[in-house]
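**Student:** Just passing along the structure, written as structure tokens.
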Amino acid sequence: MPITFSEIHVCLHHHKTIDKMERWVSPMGTLFFIAALIAVSCSSSGAADSKTSFEDNFSIMWSENHFKTSEDGQIWYLSLDNDTGCGFQTKQRYRFGWFSMKLKLVGGDSAGVVTAYYMCTENGAGPERDELDFEFLGNRTGQPYLIQTNVYKNGTGNREMRHSLWFDPTEDFHSYSILWNDHQIVFFVDRVPIRVFKNNGEANNFFPNEKPMYLFSSIWNADDWATRGGLEKTDWKKAPFVSSYKEFSVEGCQWEDPYPACVSTTTKNWWDQYDAWHLSEAQKMDYAWVQRNLVIYDYCKDNERFPTLPNECSLSPWA
Ligand SMILES: *[C@@H]1O[C@H](CO)[C@@H](O)[C@H](O)[C@H]1NC(C)=O
């Protein structure tokens with residue numbers, strides 16, 4: 001069953017109280033404690049009992065033979081070897097909503113390997129595409145993974161952020177989610193907002209809000225840039241490299257030509273409503289903690305690359 005916004009609210013309400021008690025003691029511990037608490041207080045909604053099959057929502061983009069599912073069809077595996085990687089995409093497109101998936105990344109020596117989980121307006125790297133990316137950059141055994149996020153509008157990206165994580169993403173499944181409406185795009189890791197990308201309410205060249213997007217995931221070799229800037233190469237003796245997926249959930253406006261009723265901002269859907277236009281107080285505290293502790297790179301702070309910072313960098317994530 002999909003998790004509704006009111007349930008998230010309930011969960012965050014608990015979270016907030018605890019936040020005040022423990023935050024300054026140990027942010028890590030607090031976060032784990034909160035995670036446990038959310039798991040308990042939201043267990044009815046957290047347990048995804050929607051037993052949809054892969055084919056209901058997705059199709060394979062390339063190399064069918066590098067895709068596998070568990071016996072019950074609920075876990076999917078993408079593998080990369082010397083030959084090729086693999087990718088899948090949703091059959092439907094969406095404009096605005098909440099998009100979530102649990103991933104467990106390639107363990108051991110995964111240097112050079114990138115697992116991407118993203119939304120894009122088209123099935124290819126077209127010059128006019130809009131795109132929202134999570135990219136997981138592999139590493140040598142024992143060295144930390146990084147998450148890179150990016151936002152494209154009309155074919156232009158260059159809006160990278162990089163974060164380290166507060167857990168080992170290869171050990172277990174964690175949820176990676178995107179909230180997208182006309183006011184903000186928020187990247188979540190296990191319900192912690194790690195990145196907030198705001199709209200300014202005007203016509204602009206940075207906030208993708210016009211075109212519906214598919215959701216994709218893929219695994220590929222990126223050892224020319226991914227790990228320590230390309231210094232660490234993929235060790236093919238360790239292949240195949242496998243990423244695992246489960247519990248895809250979407251609550252969004254499914255696109256229908258020419259225009260589905262749900263995109264006219266009726267504020268009928270929780271992801272379009274006022275509460276979803278900005279972070280809640282509890283989310284702001286988590287976000288502040290992430291900002292202080294986990295940001296490795298932020299293009300909005302890179303004055304060497306951008307002597308004049310892009311316009312969107314002046315928008316406050318706290319608003
Ligand atoms: C990989 O590990 C090295 C050494 O700890 C670290 O500097 C680097 O940021 C890590 N991640 C990537 C993607 O290079």
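**Student:** Going residue by residue through the stretch 122-138, is there one that turns out to be within 16 Å of the ligand (Cβ to nearest atom), touching a residue at least 12 places away in the same chain (Cβ under 8 Å) and among the basic types (Lys, Arg)?
**Tutor:** For the stretch 122-138, residues within 16 Å of the ligand (Cβ to nearest atom), touching a residue at least 12 places away in the same chain (Cβ under 8 Å) and among the basic types (Lys, Arg): absent.
**Student:** Do we have any residue at all in the stretch 214-233 that's within 16 Å of the ligand (Cβ to nearest atom), more than 19 Å from ALA116 (Cα to Cα) and either within 17 Å of the chain's Cα centre (by Cα) or assigned to a loop (DSSP other than H, G, I, E, B) (or both)?
**Tutor:** Kept after step one, since they are within 16 Å of the ligand (Cβ to nearest atom), are these residues of the stretch 214-233: 219-233.
From what's left, more than 19 Å from ALA116 (Cα to Cα): 231.
Imposing the further condition that a residue be either within 17 Å of the chain's Cα centre (by Cα) or assigned to a loop (DSSP other than H, G, I, E, B) (or both) reduces the set to 231.
There is at least one residue in the stretch 214-233 that is within 16 Å of the ligand (Cβ to nearest atom), more than 19 Å from ALA116 (Cα to Cα) and either within 17 Å of the chain's Cα centre (by Cα) or assigned to a loop (DSSP other than H, G, I, E, B) (or both).
**Student:** Same structure, new question: Could you please let me know if ASP168 is surrounded by 18 or more Cβ atoms within 10 Å (Cβ to Cβ), at pLDDT 95 or above, out of contact with any Leu (no Cβ under 8 Å at 6 or more places or on another chain) and among the acidic types (Asp, Glu)?
**Tutor:** no
**Student:** Within the stretch 186-197, identify whether any single residue is of a type in the set (D, E, K, R), more than 16 Å from the ligand (Cβ to nearest atom), part of a loop (DSSP other than H, G, I, E, B) and farther than 18 Å from TYR145 by Cβ, and answer yes or no. Don't jump to the end; show me each part of the working.
**Tutor:** Keep residues of the stretch 186-197 that are of a type in the set (D, E, K, R), which gives 190-191, 195.
From what is left, the residues that are more than 16 Å from the ligand (Cβ to nearest atom) are 190-191, 195.
Of the ones still in play, those that are also part of a loop (DSSP other than H, G, I, E, B) are 190-191.
With farther than 18 Å from TYR145 by Cβ added as a condition, the list becomes 191.
Yes; the residues of the stretch 186-197 include at least one that is of a type in the set (D, E, K, R), more than 16 Å from the ligand (Cβ to nearest atom), part of a loop (DSSP other than H, G, I, E, B) and farther than 18 Å from TYR145 by Cβ.
**Student:** State whether one or more residues within the stretch 225-243 are closer than 20 Å to PHE88 by Cα, of a type in the set (S, T, N, Q), surrounded by fewer than 19 Cβ atoms within 10 Å (Cβ to Cβ) and in contact (Cβ under 8 Å) with a residue 60 or more places away in the chain.
**Tutor:** Checked the stretch 225-243: no residue is closer than 20 Å to PHE88 by Cα, of a type in the set (S, T, N, Q), surrounded by fewer than 19 Cβ atoms within 10 Å (Cβ to Cβ) and in contact (Cβ under 8 Å) with a residue 60 or more places away in the chain.
**Student:** Could you grab me the full set of residues in the stretch 262-297 that are basic (Lys, Arg), at pLDDT 95 or above and touching a helix residue (DSSP H, G or I) at 6+ places or on another chain (Cβ under 9 Å)?
**Tutor:** Filtering the stretch 262-297 down to residues basic (Lys, Arg) leaves 268, 284, 292.
Cutting the leftovers down to at pLDDT 95 or above gives us 284, 292.
The one that is basic (Lys, Arg), at pLDDT 95 or above and touching a helix residue (DSSP H, G or I) at 6+ places or on another chain (Cβ under 9 Å): ARG292.
**Student:** As an exercise: evaluate PHE96 against (1) at pLDDT 85 or above; (2) in contact with a Ser or Thr (Cβ under 8 Å, 6 or more places away or on another chain); (3) not aliphatic (A, V, I, L, M) and give the number of the one condition it does not meet.
**Tutor:** Among (1) at pLDDT 85 or above; (2) in contact with a Ser or Thr (Cβ under 8 Å, 6 or more places away or on another chain); (3) not aliphatic (A, V, I, L, M), PHE96 violates only (2).
**Student:** Here's another thing I want to ask about it. Keeping to the stretch 146-176, report how many residues are part of a strand (DSSP E or B), closer than 22 Å to PRO208 by Cβ and either within 16 Å of the ligand (Cβ to nearest atom) or free of Cβ contacts under 8 Å to residues at least 40 places away in the same chain (or both). Before the answer, list the steps.
**Tutor:** Here is the first cut: in the stretch 146-176, the ones part of a strand (DSSP E or B) are 146-153, 156, 161-163, 174-176.
Retained after the next criterion (residues that are closer than 22 Å to PRO208 by Cβ): 147-153, 156, 161-163, 176.
Next, from what is left, pick out any that are either within 16 Å of the ligand (Cβ to nearest atom) or free of Cβ contacts under 8 Å to residues at least 40 places away in the same chain (or both): 147-150, 161-163.
Total meeting the criteria: 7.
**Student:** If I ask for residues that are in a helix (DSSP H, G or I) and within 18 Å of the chain's Cα centre (by Cα), which ones from the stretch 271-283 would you list?
**Tutor:** Step one: list which residues in the stretch 271-283 are in a helix (DSSP H, G or I), which gives 271-272, 274-276, 281-283.
Those that are in a helix (DSSP H, G or I) and within 18 Å of the chain's Cα centre (by Cα): TRP271, ALA276, GLN283.
The values are calculated or read from the model by the stated rules, or taken from the named source; none is laboratory data. Note that the structure is a prediction, hence the values are computed from the model and not measured. In this analysis, Cβ positions are derived from the backbone assuming ideal geometry, glycine residues included, and neighbour counts consider all displayed protein chains.
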